[in-house]
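Heads up, the thing below is written out as structure tokens.
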Amino acid sequence: MVANEKLLIYPYNLQFSPILRHKSLQKKYEISCLVAPNGWGFTGKDAGIVDRGPDIGITISSDFEKSLDLCDTVMFIDSYFPIDFKNIMFSKIKMAIRSKKNIVCLLELESEIIKELEHICNYEGVSFTYHGGSQNLLDSTISIKNESIEEINTPVIFVIGMGERTNKFEIQLALREKIQRLGYKISQVGTRAYCEMLGFHSFPSFMYDSNISEVNKVLMFNRFIRKIEKVEAPDIIIIGIPGGIMPYNRQFTNKFGMFAYEISQAVIPDFVIFSLLYEDYKVDAFEIFSNSLKYKLGFYVDVFNIANTQFDWTRAFEEQISSHISIDSKSISEKNKTYSQCKNTVLNILNEDDAEKMANIAIEKLNEYSNVEIV
């Protein structure tokens, strides 16, 4: 059996922790080292520090050059923290290439930069793999012949969030891992551009195309899911919806929840997981949220998740930027105990027991609707 390529991640941060927590979903790489800039405060700490969840068992380094000796491939990823591409990222990419390391890039780059990196990699005899834009091949074959919605017969799970930074990708990967382990065949559309690397579909590029009307986006997404259903014949379809469901206010708009609305018109879900930013919610708040989604999007919520992230309103008002505060995931689990008598199920995806419970509740509910066969 051929050994997996040893992989270095740079700059390791919250963007990558869901993949690290569910590393079994990608088969090609063995993640051997994580490197973050020294000024970020992660050096010498367990990788779980970035999302304030349970320990992962890998220590973060700040020595990029020394860590190159421990890997075959370097994966360059996006970051919530600002980092200068020209003076930092680009120079480290070229350093890795000169060290004869294969390159995997999850950054969104201009075409000229991509061509330059491909040329340098070719000259040095290493590979360059780019996942910075949607790799979805199915969306180029979507055609609209009439303005009607086609029926999706496979049970569908929606993963939606109040906004960004609500652990949606963590939920998507946890569901995939745990439901597959139960023996079900899953087709999935994720909220990030590099989902193909993990074995499922990234969010289709046509949904971001300003030249396509909003009506056609709804119809095309419907056909897109129908094509996946026909080609892959899954037991369950999981759809992660980017962005939020509504504006926070007139300044922080969450893109007005357009994706959530359009997808809710294209596909009717059978099970919905709604992830909220952390706040000190009243017990009746969850029923209010569920009713609100019913009137806005046409479906009730089956399970709520509380993210270990809170919107930083003080900084938002002072600096006019979207900012978040991370909270230890154990605090979320403790807080959720106060909702135990709530009519709605409220979970914490970073708690392993809750992640198992979320998957089991979904399967139980879907089995009520449909005879889902185990493969």
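The values are calculated or read from the model by the stated rules, or taken from the named source; none is laboratory data. Remember, it's a predicted structure, so these values are computed and weren't measured experimentally. Cβ: placed from backbone, ideal geometry, glycine included. Neighbour counts: every protein chain shown. Surface accessibility is based on the protein's heavy atoms, side chains included, excluding ligands, DNA and RNA. Shrake-Rupley method; radii C 1.70, N 1.55, O 1.52, S 1.80 Å.
Quick notes on this structure:
- Overall dimensions of the stretch 212-278 by Cα: Rg and Dmax, Å: 13.7, 43
- Normalising the average separation of contacting C-alpha pairs (under 8 angstrom, six or more residues apart) by the number of residues puts the relative contact order of the chain at 15 percent.
- Among 12, 130, 184, 208, the sequence by solvent-accessible area, most first, with a 1.4 Å probe is 208, 130, 184, 12.
- Straight-distance crosslink candidates among aspartates and glutamates, where the alpha carbon sits under 19 Å from residue 365 and sequence neighbours closer than 8 are dropped: 177, 235, 270, 287, 302, 353, 354, 356, 373
- Solvent-accessible area of residue 182 with every protein chain in place, 1.4 Å probe, in Å² to the nearest 10: 80 Å²
- Subtracting the Cα-Cα distance of residue 43 and residue 214 from 0.36 nm times their residue separation leaves 57.0 nm of extension gain.
- Efficiency of FRET between residue 268 and residue 356 - r from beta-carbon atoms, R0 22 angstrom, step 0.05: 0.25
- A Gaussian network model of the chain, with springs between Cα atoms under 10 Å, assigns the largest mean-square fluctuation among 39, 243, 48 to 39.
- Averaged per residue, the stretch 220-365 has 46 square angstrom of accessible surface, using a 1.4 angstrom probe with ligands and nucleic acids left out.
- Cα Rg, Dmax, the stretch 139-184, angstrom units: 15.3, 39
- Over all distinct Cα-Cα pairs of the stretch 307-375, the Kirkwood formula returns a hydrodynamic radius of 14.7 Å.
- Share of Cα-Cα pairs in the chain lying beyond 35 Å, as whole percent: 27 percent
- Each 5 Å bin, from zero up to the one with the longest distance, holds this percent of the alpha carbon pairs of the stretch 15-58: 5, 20, 32, 25, 12, 5, 1.
- With 5 Å bins beginning at zero, the pair-distance distribution over Cα atoms of the stretch 97-199 amounts to 2, 9, 14, 15, 17, 14, 12, 9, 5, 2, 1 %.
- Modelled label reach - residue 123, point 7 Å along Cα→Cβ, the stretch 62-100 residues with backbone N closer than 15 Å: 91, 93-100
- With distances taken between every two different alpha-carbon atoms, the stretch 163-316 has a Kirkwood hydrodynamic radius of 16.6 Å.
- Heavy-atom accessible area per residue - the stretch 1-131, 1.4 Å, Å²: 51 Å²
- Residues 340, 329 ordered from highest to lowest accessible area at a 1.4 Å probe: 340, 329.
- Semi-axes of the equivalent ellipsoid for the stretch 67-120, Cα gyration tensor, largest first, Å: 17, 15, 10
- Residue 312-residue 148 pseudo-label distance in nm [points 7 Å out on the Cα-to-Cβ vector]: 5.2 nm
- Fraction of accessible area attributable to carbon and sulfur, the stretch 45-183 (%, probe 1.4 Å): 47 percent
- Within straight-line cross-link reach of residue 145, lysines at Cα separation under 26 Å, skipping those fewer than 8 residues along the same chain: 217, 227, 230
- Accessible surface ranking for 235, 280, 209, 1.4 angstrom probe, highest first: 280, 209, 235.
- Our summary of shape: the Cα atoms of the stretch 91-133 have principal axis extents of 25, 17, 15 Å, ordered from largest down, in whole angstrom.
- In terms of distances greater than 20 angstrom between alpha carbons, the cross-link table entries 6/168; 28/101; 296/335 yield 6/168; 296/335.
- Rolling a 1.4 Å probe over the protein heavy atoms leaves residue 78 with an accessible area of roughly 80 Å².
- Heavy-atom surface analysis with a 1.4 Å probe gives the stretch 189-326 a carbon and sulfur content of 53 percent of its accessible area.
- Per residue, the convex hull around the alpha carbon atoms of the stretch 253-347 comes to 106 Å³.
- Those aspartates and glutamates that a straight Cα-Cα span of less than 16 Å connects to residue 45, excepting residues fewer than 8 apart in one chain: 55, 63, 328
- Here the spin labels are modelled as points 7 Å beyond Cα on the Cα-Cβ line, and at residue 368 and residue 181 they lie 2.4 nm apart.
- The orientation-averaged shadow of the Cα convex hull for the stretch 286-326, equal to a quarter of the hull surface, comes to 3.9 nm².
- Using every pair of separate Cα atoms, the Kirkwood estimate puts the hydrodynamic radius of the stretch 197-249 at 13.0 angstrom.
- Proportion of all alpha-carbon pairs of the stretch 1-95 beyond 16 Å (%): 53 percent
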